[in-house]
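**Student:** Handing you a structure now.
The values are calculated or read from the model by the stated rules, or taken from the named source; none is laboratory data. Small disclaimer: the values here were computed from a predicted structure and weren't measured. Virtual Cβ from ideal backbone geometry, glycine too; neighbours counted across all protein chains shown. Note: accessible area is taken over every heavy atom of the protein model, side chains too, but ligands, DNA and RNA are not part of it. Shrake-Rupley method; radii C 1.70, N 1.55, O 1.52, S 1.80 Å.
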Amino acid sequence: MLSIKNLCVSIEGKEILNGINLEINPGEVHAIMGPNGSGKSTLANVLAGKEDYEITAGEITYMGEDLFEMAPEDRARKGIFLSFQYPVEIPGVPMVNFLKTALNEHRKFRGEKPLTAGEFLKVMREKKALVEMDTELTNRSVNEGFSGGEKKKNEIFQMALLEPKLSILDETDSGLDIDALKTVAHGVNALRSAENATIVVTHYQRLLDYIVPDHVHVLYKGRIVKSAGKELAFELEEKGYEWIKKENGD
Amino acid sequence: MSVTTDNNDLSLRMAGHFRDIEPGLAKGSPEILNTHRKKAFRDFVAQGIPTRKSENYKYTNLQPAFSREYQFLHEKTEKEFHLEEVFKCDVPQLDTHLVTILNGWFYQEADIKGILPENVILESLEKVAVMKPELLKVHYGQLADTEADPMVALNTAFARDGYFLRVPKNTKVESPIQIISLLQSDCDTYVTQRNLIVVEPGAEVTLILCDHTLNLHNYLSNSVTEIFVGENAVVNYYTVQNQHNNATAVNSVYVHQEQNSQANTNTITLHGGLVRNNLKVILAGENGEANVYGMAFLDRKQHVDNFTQLVHAMPHCQSNQLYKHILDDESTGAFSGRINVKRDAQKTNAFQRNNNLLLTDKAQMQTKPQLIIEADDVKCSHGATIGQIDEDALFYLRSRGIEEKQARLMMMNAFSYEVVQNIKVEPLRDRIDELIEKRLRGDVARCHECAYQCDC
Ligand SMILES: Nc1ncnc2c1ncn2[C@@H]1O[C@H](COP(=O)(O)OP(=O)(O)OP(=O)(O)O)[C@@H](O)[C@H]1O
Ligand SMILES: [Mg+2]
């Protein structure tokens, strides 16, 4: 589904990712862990198509296509979804407008008829229930005045609405209370299928109790320095990153 | 130096035009207008056409507009057609288009009886000045100072007609009154419009003013509106400007507020060649509230200059100013906002904000807040920003599958939302949203069935 080969990315001349290799198949869940500043969000943003970065080497194919050839909106319509680590507030853009436009763009791409206002509200209600999102929130502007946790729920709510093929969850767990974490994880699991894949970026093993990964990767200084099964997450939880740093000569 | 000479020449030429038509203007014109006319002309001669050397017109160059030759109208002509047939600017669900002003002259479109409450007067200024001069006498020319602005002096010198509105004491006009000002002539034309609004104590009224050009000639229109808001009265004054690129419009609006009164203005500039909006509000009684908002959309070589003055003369008043501009292509804009808190105006709350969005590197915006505070117990704030579309927000929208163009549009709509949401007449707000949407999409944002179809 997704194949990253020797990806090197820099920003303002500073190399942030240097030689990432990653293969993701349908149905798989990959967890990416790693110390602060190691490049996890950078990788996520590059996959979603953020343009601030310079791709200095490497290639990414998504469902057989060159990802770099696709605009962010095309990637989204073809099934890539990024749950942002820091979702932006967009005052003046009403949530309902935003969600309806986004969903109808997806439908148009699939050759389906746009939903009427009534149909849309019905779908919205269902998906909101899935992540137990407060009804009042969709009456506001996008993320405006949302608490940290509400923003994260809103990301998963959008994911539920857009039904992506490849979901990238960038620290979706941070900021969520214990109950919300369960709800969100439950929502993510409900959306999983044999055709979909998920990348979970997280610092804490706890989330992985709920969203069980097939592979765990450690990103350090812009490289994947270790890959293993879910047991790696426990090891990291227990020992921290010191031993990883040592192994890499620091 | 040649600029000054040119300007002198232009001023002299303008004075010449006035002298040429003065006999025609004065003949049959009510005495009260003629009395002010003479002094106003002297004041114009003393000042000349505003140049950019004058502090108040620093950002707007009116010389190119004054360099053209125009026809000057001093007589009302019979309308050759029923305007409603060729021009519809109606806001859906509002059946209140009662008056059209064509090239500065007043034309009643519908009988106000039965639509407006009894004793409300909505009439031709000229007619009222002839038939009931006492209604004008105490107010006419009292706010529009001909010594302070040569454009106001010119307006007063050339003034013949416009609308007069009086809402009597404690009368609430439920439906908004829409007044459409049109420019349509068979040659380049200089247009003067003079309006007077008197809202008596405890009265309430909402006005929707739509300014349009109907064909492609060059127009220079210079209008002045004086608004008196009595004790406990409320006025909503919404302007939608939609003129073509060959039109220059100078609009001066003066608002005088008594105790406990409220004035809300919103000026939406959708289109126009050169637009200068002067707005001066005097809070002359305690507990007055003024909310003045403006939103301008500019592209190509358009220029919009919003010039506001908020005078807090008495204590316990509140004013809010919010102006925004979206500038595309090589357009230029300006905002000058003055807050003047007089010595007695303790416990004043005065806020001002100006936000601007530049869509290209070539677009330019000048912003100049000015606070003159003579009292000590006041809360004042002002802020101005000039920026681009928030790229992170844009990316967020695109990452959800929304086309870049559409995402930009949503962002621009969001930008103007803060201003437009203050319009309290829902159908008008919806209509404006629709026009803004079209404007931003690059479709001509004109009212449907409009006769003018230029693409300049
Ligand atoms: N716009 C930018 N300009 C300069 N440096 C940047 C920019 N964006 C990211 N970086 C740098 O790139 C490095 C990787 O950042 P990134 O956000 O990818 O880390 P991360 O692994 O997601 O960290 P965290 O766990 O704290 O979220 C950091 O050193 C960061 O400072
Ligand atoms: Mg991060």
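**Student:** Test B:Leu274 against the stated conditions and say whether it is touching a helix residue (DSSP H, G or I) at 6+ places or on another chain (Cβ under 7 Å) and farther than 23 Å from B:Ile423 by Cβ. Talk me through it step by step, then tell me what you get.
**Tutor:** On the way: touching a helix residue (DSSP H, G or I) at 6+ places or on another chain (Cβ under 7 Å): yes; farther than 23 Å from B:Ile423 by Cβ: yes.
Against the criterion (touching a helix residue (DSSP H, G or I) at 6+ places or on another chain (Cβ under 7 Å) and farther than 23 Å from B:Ile423 by Cβ), B:Leu274 qualifies.
**Student:** Let me ask something else. Can you say whether B:Arg429 is free of Cβ contacts under 8 Å to residues at least 24 places away in the same chain and at the interface with chain A (Cβ under 7 Å from one of its Cβ atoms), as far as the supplied structure shows?
**Tutor:** no
**Student:** I've got another one for you. Would you point out the residue of region A:92-108, among those that are more than 20 Å from the chain's Cα centre (by Cα), in contact (Cβ under 8 Å) with a residue 12 or more places away in the chain and at the interface with chain B (Cβ under 7 Å from one of its Cβ atoms), that is nearest to A:Met124 (Cα to Cα)?
**Tutor:** Across region A:92-108, the extreme among qualifying residues is A:Val93.
**Student:** Can you tell me which residue is farthest from B:Pro315 (Cα to Cα) among those in region B:353-372 that are open to solvent by 60 Å² or more (accessible area, probe 1.4 Å) and assigned to a strand (DSSP E or B)?
**Tutor:** So the residue we want is B:Gln364.
**Student:** Select from region A:129-153 the residues that are at pLDDT below 95 and in contact with a Phe, Trp or Tyr (Cβ under 6 Å, 6 or more places away or on another chain) and list them in ascending order.
**Tutor:** A:Val131, A:Met133 - these are the residues of region A:129-153 that are at pLDDT below 95 and in contact with a Phe, Trp or Tyr (Cβ under 6 Å, 6 or more places away or on another chain).
**Student:** Of all the residues that make up region A:154-193, how many are away from every other protein chain (no Cβ under 13 Å), within 16 Å of ligand 2 (Cβ to nearest atom) and of a type in the set (D, E, K, R)?
**Tutor:** Of the residues in region A:154-193, 2 are away from every other protein chain (no Cβ under 13 Å), within 16 Å of ligand 2 (Cβ to nearest atom) and of a type in the set (D, E, K, R).
**Student:** Moving on to the next point. For region A:173-189, give me each residue that is part of a helix (DSSP H, G or I) and of a type outside the set (S, T, N, Q). Give the derivation first.
**Tutor:** First, the residues of region A:173-189 that are part of a helix (DSSP H, G or I): A:178-189.
Selection gives A:Ile178, A:Asp179, A:Ala180, A:Leu181, A:Lys182, A:Val184, A:Ala185, A:His186, A:Gly187, A:Val188.
**Student:** Follow-up. Can you tell me which of (1) exposed (fewer than 15 other Cβ atoms within 10 Å of the Cβ); (2) within 16 Å of ligand 1 (Cβ to nearest atom) is the one A:Ala57 doesn't meet?
**Tutor:** (2)
**Student:** A further question on this structure: Can you tell me which condition B:Val224 does not meet? The list is (1) of a type outside the set (Phe, Trp, Tyr); (2) open to solvent by 10 Å² or more (accessible area, probe 1.4 Å); (3) touching a Lys or Arg at 6+ places or on another chain (Cβ under 7 Å), and all the others hold.
**Tutor:** Failed condition: (2).
**Student:** Restricting to strands (runs of 3 or more DSSP E) lying wholly in region A:1-106: which have 3 or more residues that are more than 16 Å from ligand 2 (Cβ to nearest atom)?
**Tutor:** Working: elements: A:2-11, A:14-24, A:29-33, A:54-62, A:80-83, A:90-94.
By residue number, A:2-11, A:14-24, A:54-62, A:90-94.
**Student:** Checking the condition more than 9 Å from every other protein chain (Cβ to nearest Cβ), touching a Cys at 6+ places or on another chain (Cβ under 7 Å) and assigned to a loop (DSSP other than H, G, I, E, B), which residue from B:Ala375, B:Ala345, B:Ala350 passes?
**Tutor:** Numbers: B:Ala375 fails: touching a Cys at 6+ places or on another chain (Cβ under 7 Å); B:Ala350 fails: assigned to a loop (DSSP other than H, G, I, E, B).
After applying the criteria, what remains is B:Ala345.
**Student:** Test of understanding: among A:Ile16, A:Ile20, which residue is within 22 Å of A:Gly229 (Cα to Cα) and either without any contact (Cβ under 8 Å) to a residue 12 or more places away in the chain or buried (at least 16 other Cβ atoms within 10 Å of the Cβ) (or both)? Break it down stepwise before answering.
**Tutor:** Working: A:Ile16 fails: within 22 Å of A:Gly229 (Cα to Cα).
From the options A:Ile16, A:Ile20, the qualifying one is A:Ile20.
**Student:** Another question, if that's okay. If I filter region A:148-165 down to residues being touching a Leu at 6+ places or on another chain (Cβ under 9 Å) and more than 21 Å from A:Pro91 (Cβ to Cβ), which single residue comes out as surrounded by the fewest Cβ atoms within 10 Å (Cβ to Cβ)?
**Tutor:** Of all residues in region A:148-165, those touching a Leu at 6+ places or on another chain (Cβ under 9 Å) come to A:148-150, A:152-164.
From what's left, more than 21 Å from A:Pro91 (Cβ to Cβ): A:156, A:159-164.
Numbers: A:Ile156: 27, A:Met159: 26, A:Ala160: 22, A:Leu161: 22, A:Leu162: 20, A:Glu163: 15, A:Pro164: 25.
Ranking the candidates gives A:Glu163 first.
**Student:** Contact list please: Cβ distance under 6 Å, first residue in region B:371-393 and of a type in the set (Asp, Glu), second residue part of a loop (DSSP other than H, G, I, E, B) and open to solvent by less than 80 Å² (accessible area, probe 1.4 Å), pairs at least six apart or on different chains.
**Tutor:** Taking only residues 6 or more apart or on different chains, the pairs are B:Glu374/B:Lys342; B:Asp377/B:Gln346; B:Asp392/A:Val88.
**Student:** Looking at region A:62-91 only, could you name the residues that are more than 12 Å from chain B (Cβ to nearest Cβ), among the hydrophobic types (A, V, I, L, M, F, W, C) and open to solvent by less than 10 Å² (accessible area, probe 1.4 Å)?
**Tutor:** A:Leu67
**Student:** For region A:111-122, name all the residues that are surrounded by fewer than 12 Cβ atoms within 10 Å (Cβ to Cβ) and within 14 Å of another protein chain (Cβ to nearest Cβ).
**Tutor:** Passing the criteria: only A:Glu112.
**Student:** All but one of (1) within 16 Å of ligand 1 (Cβ to nearest atom); (2) open to solvent by 10 Å² or more (accessible area, probe 1.4 Å) hold for A:Pro94; state the number of the condition that does not hold.
**Tutor:** Result: A:Pro94 fails condition (1) only.
**Student:** For a quick check of your reading of the model, give me the residue pairs whose first member lies in region A:123-146 and is loosely packed, with under 14 Cβ neighbours inside 10 Å, whose second is aliphatic (A, V, I, L, M), with beta-carbon atoms closer than 9 Å and at least 6 apart or on different chains.
**Tutor:** As it stands, the answer is A:Glu126/A:Ala160; A:Asn139/A:Met95; A:Asn139/A:Val96, since those pairs meet every condition given.
**Student:** Scan region B:397-420 and tell me whether some residue there is within 21 Å of B:Thr267 (Cβ to Cβ), open to solvent by 40 Å² or more (accessible area, probe 1.4 Å) and away from chain A (no Cβ under 14 Å).
**Tutor:** No, that holds for no residue.
**Student:** Here is a further query. So which of A:Asn139, A:Asn143, A:Asn189 is more than 16 Å from ligand 1 (Cβ to nearest atom), within 30 Å of A:Pro35 (Cβ to Cβ) and touching a strand residue (DSSP E or B) at 6+ places or on another chain (Cβ under 9 Å)? Reasoning before the result, please.
**Tutor:** Values: A:Asn139 fails: within 30 Å of A:Pro35 (Cβ to Cβ); A:Asn189 fails: touching a strand residue (DSSP E or B) at 6+ places or on another chain (Cβ under 9 Å).
Criteria check complete, one pass: A:Asn143.
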